[in-house]
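Nothing in this text is a laboratory measurement; each read-out follows from the coordinates by a stated rule. The shown structure was predicted, so the numbers you read here are calculated from the model rather than taken from an experiment. Virtual Cβ from ideal backbone geometry, glycine too; neighbours counted across all protein chains shown.
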Amino acid sequence: MGGPDPDPPRREYDMLVTVGERISISLLAMALARKGHEAVSYTGSQSGIITTPDHSDAKIIDVKPHRLLYSLNIGKIVIVAGFQGVSTTGEITTLGRGGSDTTAVALGIALKAPRVEFYKDVPGIFDADPRLSPDSKKFSTLTYDEALTIVQRGAKVLHDRCLNLAKINNIPLYVSSFQEKHGEAGTWIKTSRKQSESTPTYEHQSLSRLD
């Protein structure tokens with residue numbers, strides 16, 4: 001037998017790469033259960049993340065979080081696999097670069113969350129990489145456009161897909177460190193406008209929204 005296919009069928013590639021997220025979310029749910037917390041894990045398709053049929057680079061069309069809402073309403077901790085969804089034809093899809101951050105924002109919009117919080121390996125967004133530039137300045141607040149400019153210059157904290165989605169729907173984002181020290185603030189990304197109550201706008205609107 002030869003080695004791995006350097007250019008596998010995109011559908012089968014999506015089937016393969018989504019396995020890692022499923023393993024991670026189930027292990028996390030088990031770890032929480034061992035500590036006495038009721039948790040339930042859901043794949044992207046089980047979470048109601050509907051996408052275009054473009055394997056490895058799908059765009060979110062709609063989010064129908066019915067199962068998530070039920071679990072939250074009965075007091076369970078909900079864990080969702082990022083980076084994946086299900087197409088309008090029922091196929092497992094992945095969202096490509098920035099897919100996990102984009103999943104978080106899309107779920108926040110669908111669940112009408114007051115904000116979406118990201119915990120990274122840096123305590124916020126800086127004007128330069130703090131791991132390379134000790135004198136870099138951390139921003140306490142940025143507008144969506146300011147954050148997009150920083151990300152497009154090469155910062156890896158968030159992906160521009162999730163920032164654009166947050167901007168369209170005017171949902172605040174908060175970026176901090178998973179090793180945040182007590183009292184150390186992260187970076188807010190928002191506008192001064194009141195959060196929109198209009199119909200959610202996702203990444204791809206040319207297809208009809210599902211009922």
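Quick look at the values:
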read-out	value
Peptides ranked, highest mean first, by Cβ atoms within 10 Å: ranges 118-126, 40-48, 15-23	40-48, 118-126, 15-23
Nearest-ten-degree value, helix 10-34 long axis tilted from longest Cα axis of the chain	70
At R0 = 22 Å, FRET efficiency that the Cβ-Cβ distance of PHE178 and ALA155 yields, to 0.05	0.80
Computed FRET value (nearest 0.05) for SER133 with ASN73, which takes r as the C-beta separation and R₀ as 35 Å	0.15
Pairs beyond 32 Å (Cα-Cα), from LYS112/LYS156; LYS35/LYS112; LYS35/LYS167; LYS76/LYS167; LYS64/LYS167; LYS35/LYS59	LYS35/LYS167; LYS35/LYS59
Computed helical MRE - 222 nm, the chain, DSSP H runs ≥ 4 contributing -39500 (n - 2.57), nearest 500	-9500 deg cm²/dmol
Test item: Cα-centred dipole of the range 125-166, Lys/Arg +1 and Asp/Glu -1 on Cβ, debye	140
DSSP beta bridges in the range 1-96 [antiparallel fraction, %, rounded to 5]	50
Cα pair count fraction exceeding 16 Å, expressed as % - the range 1-96	58
Size of electric dipole in the chain: Cβ of Lys, Arg +1 and of Asp, Glu -1, about Cα centre, debye, nearest 20	640
Dipole magnitude (debye, nearest 20) for the range 115-205, charges at Cβ of Lys, Arg, Asp, Glu	100
In degrees, nearest ten, helix 160-169 long axis to first principal axis of the chain (Cα)	80
Projected label distance in nm at ASP7 and LEU28, using a 7 Å step from Cα toward the beta-carbon	3.6
Principal-axis tilt of helix 99-110 within the chain, Cα atoms, nearest 10 degrees	90
